[in-house]
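The next block holds one structure in the form of structure tokens; read it before the comments.
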Amino acid sequence: MKYLNPTLILSLLAMITAQAREAKERDKDINYDEKKISSYDLPPLLVAADGTPVTTPAQWHNVRRPQILSLFSNLVYGRVPEPVEPIRTEFKVVKADAKFMGGKATRKDIDITLSNKRGSVTMRFLVFVPNGVKAPVPAFLKHSFNNTRSDDFKSSILRPGKLRNGWPLKDFLDRGYGFCAVYHEDLVRHNEVEFLRGIHRLFYPDGQSFPKAREWGVLSACAWGAMRAMDYLQTDDDIDHTRVAIMGHSKMGKATLWTAAQDERFALAISAQSGCAGAALWRRKSGETLKKMVTRFPYWLCRNAWKFIEQEDDLPVDQHMLLACIAPRPVYIHSGVEDTWADGRGEYLSAFHASQVYRLLGKKGLESKESPPVGKAIIESEVGYHIREGGHSINGYDWQRFMDFADYHLQPKKN
Ligand code: GCU
């Protein structure tokens with residue numbers, strides 16, 4: 001009984017009540033009912049802006065894909081403007097520990113400093129490389145909510161083989177992968193309102209302090225940061241930069257798709273429960289909507305996106321087109337049955353509709369419009385997917401499927 005501290009109990013109750021209130025507020029005017037989704041027409045993937053049908057890989061690569069990327073840049077995530085002065089990029093390995101996790105891995109802490117006359121910003125990039133494995137190795141690069149300068153990335157004493165943040169590092173190492181992480185707040189804060197402290201200010205000419213309507217929001221800045229991490233990986237002989245899988249969960253799953261869509265150096269993408277502005281289709285308006293997102297996180301997207309609130313049908317893109325821009329590189333989408341906020345069905349449909357581009361490029365896509373049974377992963381297709389029981393998180397089952405997908409598509413064939 002002496003452990004039942006009344007102050008602690010009261011503050012726990014207050015926290016639970018506040019969370020319940022937040023969830024209730026969040027769910028106001030939200031539809032979760034499949035039967036209430038109005039019919040919609042997706043913008044055609046394989047018709048160019050001038051109406052010409054896109055029937056060859058060359059037309060896709062040279063005409064349609066650039067058109068789609070430009071629409072996402074200008075209307076959804078925001079384009080990275082020309083910096084006021086070129087940006088210098090410096091890499092510095094600030095720490096290297098060859099005995100990480102009982103000698104299983106070498107951990108490198110790398111500072112990536114971006115600077116020009118407007119100022120400088122440093123990202124802390126972490127790279128774990130399996131020891132005793134022939135270099136260079138393929139790797140995962142995670143867009144991370146955990147701060148790469150924090151203890152979250154130490155090995156866990158209570159859970160051997162894991163990092164303190166719960167990530168199963170040893171499993172990656174055992175399968176021959178390196179593992180890397182970038183922190184989502186290194187370049188721009190979670191819901192930036194001024195854009196004066198982070199990376200944006202390096203790009204502003206005199207007199208500008210805020211992105212223009214078509215310029216980059218928070219997600220674009222995160223994507224740009226992962227590209228700078230890839231610049232570093234191209235200089236690191238331990239990692240095979242031609243076999244890097246980019247991944248992220250939720251907000252970071254959105255950033256993952258936008259990173260991979262733009263930057264073809266990433267060989268594969270895994271987007272976990274990315275939902276609205278990630279894999280889910282805007283036009284379904286199921287779970288989180290554009291209006292909710294922009295109200296709660298006004299700067300994740302560019303300001304042009306605000307113009308489509310409750311006008312989703314006017315958007316010249318939908319999210320299946322973002323996934324298609326990753327083709328022919330493999331993409332994996334993960335949903336959770338109880339994660340209705342992220343609209344698992346909309347995530348699947350997006351992947352299904354993107355599959356037509358994979359097929360045009362001679363790859364395998366999702367064949368059925370029906371979502372697969374819960375707990376059954378689709379691995380042997382360039383468009384992979386699973387939905388499992390449970391809510392908004394990456395659990396042990398999910399991690400293993402992500403590794404299976406990478407094993408199938410990134411590891412050299414054994415025979
Ligand atoms: C909020 C937000 C989602 C986002 C999620 C997360 O719920 O509405 O769009 O995916 O946070 O990043 O965990």
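Computed from the coordinates by the stated procedures, all read-outs in this text should not be read as laboratory data. Please read these numbers as outputs of a predicted model, since none were measured by experiment. Backbone-built Cβ (ideal geometry, glycine too); neighbour counts: all protein chains shown.
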Checklist entry - Assuming R0 = 41 Å, what is the FRET efficiency of Ala98 and Lys363, from their Cβ-Cβ distance, to the nearest 0.05? => result 0.55
Next on the checklist: To make sure I understand the rule: partners must be aspartates and glutamates, Cα under 13 Å from the Cα of Lys95, and not fewer than 8 residues away in the same chain. Which ones qualify?
Outcome noted: Asp109, Asp111
Checklist entry - GNM on the chain, C-alpha springs below 10 Å: top fluctuator among Thr122, Thr235, Thr340? => result Thr235
Item to check | Residue-count net charge about Phe125 - beta-carbon cut-off 13 Å; Lys, Arg +1, Asp, Glu -1 | outcome: +2
Item to check | Additional length obtainable on full extension of the chain from Lys24 to Thr242, 0.36 nm per residue less Cα span | outcome: 74.0 nm
Checklist outcome for this item: Expected unfolding gain across Asn131-Tyr397 under the 0.36 nm per residue rule, minus the alpha-carbon gap, is 93.2 nm
Next on the checklist: Tell me the Kirkwood radius of segment 167-324: reciprocal of the mean inverse pair distance over distinct alpha-carbon atoms, in Å.
Outcome noted: 16.8 Å
Checklist outcome for this item: Proximal lysine pairs in segment 186-297, meaning Cα under 17 Å and 8 or more positions apart or interchain, come to 5
Checklist entry - Rounded to two decimals, what ratio of Rg to Rh does the chain give with C-alpha atoms and a Kirkwood Rh? => result 0.96
Item to check | Stokes-Einstein D in µm²/s, Kirkwood radius over Cα pairs - segment 18-120 at 37 °C with 0.692 mPa s viscosity | outcome: 161 µm²/s
Item to check | Nearest-0.05 FRET efficiency for Arg296 and Ala14, computed from C-beta distance (R0 25 Å) | outcome: 0.70
Next on the checklist: When 1/r is averaged over all different Cα pairs and the result inverted, which Kirkwood radius in Å belongs to segment 276-352?
Outcome noted: 12.9 Å
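Count charges around Phe352 for me, please; just the other residues with Cβ under 11 Å from its Cβ, Lys/Arg as +1, Asp/Glu as -1.
Values: positive: Arg345, Lys369; negative: Glu347, Glu367, Glu370.
With Lys, Arg at +1 and Asp, Glu at -1, the net is -1.
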Item to check | Percent RCO, i.e. relative contact order, over segment 57-410, from Cα pairs under 8 Å lying at least 6 residues apart | outcome: 16 percent
Checklist outcome for this item: Inter-part gap, Cα centre of segment 334-351 to Cα centre of segment 241-311, in whole angstrom, is 13 Å
Checklist entry - So for the pair Trp306, Thr89, with labels modelled 7 Å out along Cα→Cβ, what separation do we get in nm? => result 3.2 nm
Checklist entry - By a straight-distance test (C-alpha under 20 Å), which lysines pair with Lys363 as possible cross-link partners, with residues fewer than eight away in the same chain excluded? => result Lys413
Checklist entry - R0 = 60 Å: FRET efficiency of Ser150 with Asp50, Cβ-based, nearest 0.05? => result 0.75
Checklist entry - Quick one: Karplus J couplings for segment 15-22, per residue in order, coefficients 6.51, -1.76, 1.60, θ = phi - 60°, nearest Hz, x for Gly and Pro? => result 5, 5, 5, 5, 5, 5, 5, 4
Checklist entry - Roughly how many Å is it from the Cα centre of segment 91-165 to that of segment 358-392, as a whole number? => result 31 Å
